[in-house]
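Only the coordinates and a few stated rules stand behind these numbers; no lab work does. Predicted, not measured: the structure shown is a model, and the values here were computed from it.
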Amino acid sequence: MINRRKYIKNTYLRGINKYEHHIFEDKNNECFISIKKVLELDNPFFTSSNICLINKNYYIVEIVPLYENYCIRIFLNDKKEIILYYFDITLSNGFDNLNNSLYYDDLYLDVVKQSDNITILDEDELDDALENKFINKEEYELAINKKNELVDSLNKNYNKFMKIDILKYL
């Protein structure tokens, strides 16, 4: 696999000039929780659907499960209301002592949950990665299977990480 390691301390910060960052360990759920509060930025970030995800006093909460093949990014507005959930399907997650950062090894495929709507993103990138040998067949199948499990857990409302009270960390 080509190195697709993403370090949480560096993700989703383009155009952000000042922010607070805190990391918490949740031993009960076997995960880490990263909280970034945006203090100053060049310009707000809007999705293609014109939803503001990043602005002054908004939060980016990242849940990094230690024993799952996905990470969760939760965008909250300045009133601490959840805007949407963004899931990166991953090969592995953890803490890199050398870089002093949480990380995930991205497997291209993403799932977005906003209200009751679930959208799958970047299936073409996953197919291209397999075709170009950036990932192998086992990694490809892992991504597809994990996406299916994740969507099922979201549809049936049994994903334990979605039940974490993130507001207590803000």
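How large, in Å, is region 28-117 by the Kirkwood hydrodynamic radius built from its alpha-carbon pairs? Please list the in-between numbers first.
Details: mean 1/r = 0.0711 Å⁻¹.
It is 14.1 Å.
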- Task: Measure of size requested: the Rg and Dmax of the chain, with Cα atoms as the atom set and Å as the unit; please supply both.
- Result: 15.7, 44
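Return the calculated 222 nm mean residue ellipticity for the chain, to the nearest 500 deg cm²/dmol, obtained by summing -39500 (n - 2.57) across DSSP H runs with n ≥ 4 and dividing by the residue count. Intermediate results must be reported in sequence, preceding the final value.
On the way: 2 runs with 28 residues, N = 170.
That comes out to -5500 deg cm²/dmol.
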- Karplus-derived 3J(HN,Hα), 6.51/-1.76/1.60, for each residue of region 49-65, Hz, glycine and proline x: 8, 6, 9, 7, 9, 9, 7, 4, 6, 7, 10, 10, 9, 10, 9, 10, x
- Query: Tilt of helix 137-155 relative to the longest C-alpha principal axis of the chain, in degrees (0 to 90, nearest 10)?
  - Reply: 50 degrees
- Normalised by the residues of the chain, what does the relative contact order come to in percent, with Cα pairs under 8 Å and at least six apart? 17 percent
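Given the pairs K113/K133; K80/K156; K36/K163; K9/K137; K37/K163, which span a C-alpha to C-alpha distance of over 27 angstrom in this model?
Pairs exceeding 27 Å: K113/K133; K9/K137.
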- Task: Return one quarter of the surface area of the convex hull spanned by the alpha-carbon atoms of region 72-154, equal to its mean projected area, in nm².
- Result: 6.9 nm²
